[in-house]
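Student: Dumping the structure here so I can ask a few things about it.
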Amino acid sequence: MTVQPQPAQGDANVVAAGRLWAGGAATAVVAALIAIVGILLARGVFDVPVLAPEGEGTWGDADTGRYALYCALAALIATGLMHLLLVSTPRPQQFFNWIMGLATVAAAVAPFATNGSTESKVATAVINLAVGIAITTLVNGAARVARREARTGR
């Protein structure tokens, strides 16, 4: 049995950590799947070589799996950031939204600083944008539930 410290009256910084991290784990799966689906669409449907040379086929090469894992890791890092913000800052979701918004813009712009075709850069930017939006919204939703459940004692 885990003993939870009782929050001071009106303490808004109580978090149902298990619920938050379960949501974060589910977000990691979604982020990885968005990356894979995005690459499949780009390479298989639009014939744009994303993350691998053209001759690698629809699935690409080992970079496809690595990219999906990095997207999942980004979701877990975002969950850790949200947890830290929830227990330490006023208006944690506002700070989270700003941080994630700027990180998502950076991820969407980053492909344009690399060598490669314009089509590949655009496809990678769109995938990065979709992953960033998904992580931001899903972790925000998990945080709302985790705060509400912690306050009601569920």
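The values are calculated or read from the model by the stated rules, or taken from the named source; none is laboratory data. Everything numeric in this text was worked out from a predicted model, so none of it was measured. Note that each Cβ is placed from the backbone with ideal geometry, even for glycine, and that neighbours are counted across all protein chains shown.
Student: Within the stretch 13-51, restricting attention to residues that are without any contact (Cβ under 8 Å) to a residue 40 or more places away in the chain and among the β-branched types (Val, Ile, Thr), which residue is nearest to residue 73 (Cα to Cα)?
Tutor: 36
Student: Let me ask another. Scan the stretch 90-106 and give yes if some residue there is of a type in the set (Lys, Arg), modelled with pLDDT under 95 and either closer than 21 Å to residue 28 by Cβ or not in a loop (DSSP other than H, G, I, E, B) (or both), otherwise no. Steps first, please.
Tutor: Here is the first cut: in the stretch 90-106, the ones of a type in the set (Lys, Arg) are 91.
Then keep just the ones that are modelled with pLDDT under 95; that gives 91.
Adding the requirement that they be either closer than 21 Å to residue 28 by Cβ or not in a loop (DSSP other than H, G, I, E, B) (or both) leaves none.
No, because not a single residue in the stretch 90-106 is of a type in the set (Lys, Arg), modelled with pLDDT under 95 and either closer than 21 Å to residue 28 by Cβ or not in a loop (DSSP other than H, G, I, E, B) (or both).
Student: Any idea which of 133, 127, 77 is in a helix (DSSP H, G or I), among the β-branched types (Val, Ile, Thr), within 16 Å of residue 33 (Cα to Cα) and out of contact with any Gly (no Cβ under 8 Å at 6 or more places or on another chain)? Steps first, answer last, please.
Tutor: On the way: 127 fails: out of contact with any Gly (no Cβ under 8 Å at 6 or more places or on another chain); 77 fails: within 16 Å of residue 33 (Cα to Cα).
Result: 133 is the single residue among 133, 127, 77 that is in a helix (DSSP H, G or I), among the β-branched types (Val, Ile, Thr), within 16 Å of residue 33 (Cα to Cα) and out of contact with any Gly (no Cβ under 8 Å at 6 or more places or on another chain).
Student: May I ask you to verify whether residue 110 is touching a residue at least 24 places away in the same chain (Cβ under 8 Å), over 21 Å from residue 21 (Cα atoms) and part of a helix (DSSP H, G or I)?
Tutor: no
Student: Which condition number in (1) in contact with a Leu (Cβ under 6 Å, 6 or more places away or on another chain); (2) over 15 Å from residue 15 (Cβ atoms) is the one that residue 111 fails?
Tutor: (1)
Student: Same structure again: Any residue at all in the stretch 123-145 that's over 14 Å from the mean Cα position of the chain (by Cα), surrounded by fewer than 20 Cβ atoms within 10 Å (Cβ to Cβ), of a type in the set (Gly, Ala, Ser) and more than 30 Å from residue 47 (Cβ to Cβ)?
Tutor: No: the stretch 123-145 contains no residue that is over 14 Å from the mean Cα position of the chain (by Cα), surrounded by fewer than 20 Cβ atoms within 10 Å (Cβ to Cβ), of a type in the set (Gly, Ala, Ser) and more than 30 Å from residue 47 (Cβ to Cβ).
Student: I'd like the full set of residues that are out of contact with any helix residue (DSSP H, G or I) (no Cβ under 6 Å at 6 or more places or on another chain), surrounded by 15 or more Cβ atoms within 10 Å (Cβ to Cβ) and at pLDDT below 95, limited to the stretch 24-46.
Tutor: Once the filter is applied, which keeps residues that are out of contact with any helix residue (DSSP H, G or I) (no Cβ under 6 Å at 6 or more places or on another chain), surrounded by 15 or more Cβ atoms within 10 Å (Cβ to Cβ) and at pLDDT below 95, the stretch 24-46 yields 40, 41, 43.
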